[in-house]
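Here's the structure we're looking at; comments come further down.
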Amino acid sequence: MDFKDFIDKLSLELTLPLPGKDVQLRMTSNIRIRELLDLTNMDMDHAIKSSVLILLYPGEGNGIPIFVVTLRPTYDGVHSGQISLPGGRYEHHDEDLMQTALRETDEEIGVDRGKVSVIGKLTELYIPPSNYIVQPFIGFTPSRPVFRPQPEEVEQIIEIPVHELVDEKNRMEKEFEVRGIHFKAPSFVIDGKIIWGATAMILSEFKEILQKILS
């Protein structure tokens, strides 16, 4: 399957009912599951609207679909040092959440929003620790972008072939300590990089869709 065929099949899948929250929950800890299932803990009316972008492009020389995530710098915040998708909070000058994702991708990793074609979105996700509600979008560029990471927000750009996300050997339980709490959480471990938390939950739904079109 070449990159164009892949995008065509993915675009079609995104018009169908999405796998949804049950698939997202496969990649979260028992601690977080209890929070997400207890609606009384969700301040949805005051949640901060945000969006992220799963940006796809063909690998150079082989056309294998690749998507990009970023390693956040270490800072005093709940998502310090984590791997995330490019994106951020909605601003009043954004036309909609899709424009938020494109603007933030441009600002964080330097990909011109005018060169990205958005083909659909995934299930929104509420993140209790930061009170964010995140809308993931999926888009692509016809060739590998020239990345220009913003140093204050991006320590490293990580490029992941889609088949690595689908490969079950890259899903494993890892131990974490956050704010003095020790716990285990399912994670994607790809080329030594650990993806967990909200990003893993979003990618879990993406993985479910990928399995349909790559099988």
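Read-outs: derived from the displayed coordinates by stated rules, not from any lab. This one's a predicted model, so the numbers in the text were calculated from it and none came from an experiment. Positions of Cβ are generated from backbone atoms using ideal geometry, with glycine treated the same way; all protein chains shown enter the neighbour counts.
Placing unit charges on C-beta atoms (Lys and Arg positive, Asp and Glu negative, everything else neutral), compute the dipole magnitude of region 3-214 about its Cα centre in debye, rounded to 20.
Numbers: 23 positive and 33 negative charges, 94 e Å.
Here region 3-214 has a charge dipole of around 460 debye.
Give the residue list of trypsin sites (Lys or Arg not before Pro) in region 169-215 that are DSSP loop and have at most 14 other beta-carbon atoms within 10 angstrom. Could you put the intermediate results ahead of the total?
Details: sites: Lys169, Arg171, Lys174, Arg179, Lys184, Lys193, Lys207, Lys212; in loops: Arg179.
Hits after loop and neighbour filter: Arg179.
Using the Cα centre of region 3-214 as origin and beta-carbon charges of +1 (Lys, Arg) and -1 (Asp, Glu), tell me which of Phe147, Asn131, Phe3 is placed farthest towards the positive end of the dipole.
Phe3
For region 139-153, just list the computed ³J(HN,Hα) in residue order, Karplus coefficients 6.51, -1.76 and 1.60, θ = phi - 60°, integers in Hz, with x standing in for Gly and Pro.
x, 8, 10, x, 8, 4, x, 8, 7, 10, x, 7, x, 5, 10
From Cα pairs below 8 angstrom and at least 6 apart in sequence, can you work out the relative contact order of region 3-214, rounded to a whole percent?
Working: 411 pairs, mean separation 60.5, N = 212.
Relative contact order comes out at 29 percent.
Order 153-160, 84-91, 101-108, 9-16 from most to least packed using the mean count of other Cβ atoms within 10 Å.
Listed from highest to lowest mean packing, they are 101-108, 84-91, 153-160, 9-16.
If amide H atoms are built 1.01 Å from N in the plane of the peptide, which residues on other chains or at least 5 residues away come under 5 Å of the amide H of Ile190?
Hits under the 5 Å cutoff: Ile195.
Wrap a convex hull around the Cα atoms of region 104-215, take a quarter of its surface area, and give that in square nanometres. Walk me through the intermediate numbers first.
Details: hull surface 33.6 nm².
Mean shadow area of the hull around the Cα atoms is 8.4 nm².
Placing one identical point scatterer on every Cα of the chain and ignoring solvent, what is log10 I(q)/I(0) from the Debye formula at q = 0.12, 0.15, 0.16 Å⁻¹?
Calculated log10 I(q)/I(0) at the listed q: -0.60, -0.99, -1.14.
At 222 nm, what helix-only mean residue ellipticity would the chain give, in deg cm²/dmol to the nearest 500, using -39500 (n - 2.57) for each DSSP H run of four or more?
Theoretical 222 nm ellipticity from helices: -8000 deg cm²/dmol.
Starting from the amide H of Val111, placed 1.01 Å from N in the peptide plane, find each other amide H under 5 Å away whose residue is 5 or more places distant or on another chain.
Under 5 Å from the amide H of Val111: Asp106, Arg148.
I'd like the FRET efficiency for Lys193 and His163, computed as 1/(1 + (r/R0)^6) with the beta carbon distance as r and R0 of 25 Å, rounded to 0.05.
Values: r = 16 Å, r/R0 = 0.63.
Computed FRET efficiency for Lys193 and His163 comes out at 0.95.
For region 3-214: lysine pairs with Cα atoms under 22 Å, gap of 8 or more or different chains, count?
Summing the qualifying lysine pairs gives 27.
Once amide H atoms are built 1.01 Å from N in the peptide plane, which residues 5 or more positions from Ile64, or in another chain, come under 5 Å H to H?
HN-HN under 5 Å from Ile64: Gly59.
Show me, for region 46-61, the HN-Hα J-couplings you get by feeding each phi into the Karplus relation (A = 6.51, B = -1.76, C = 1.60, θ = phi - 60°), rounded to Hz, glycine and proline as x.
10, 5, 7, 6, 7, 8, 9, 10, 8, 9, 9, 7, x, x, 5, x
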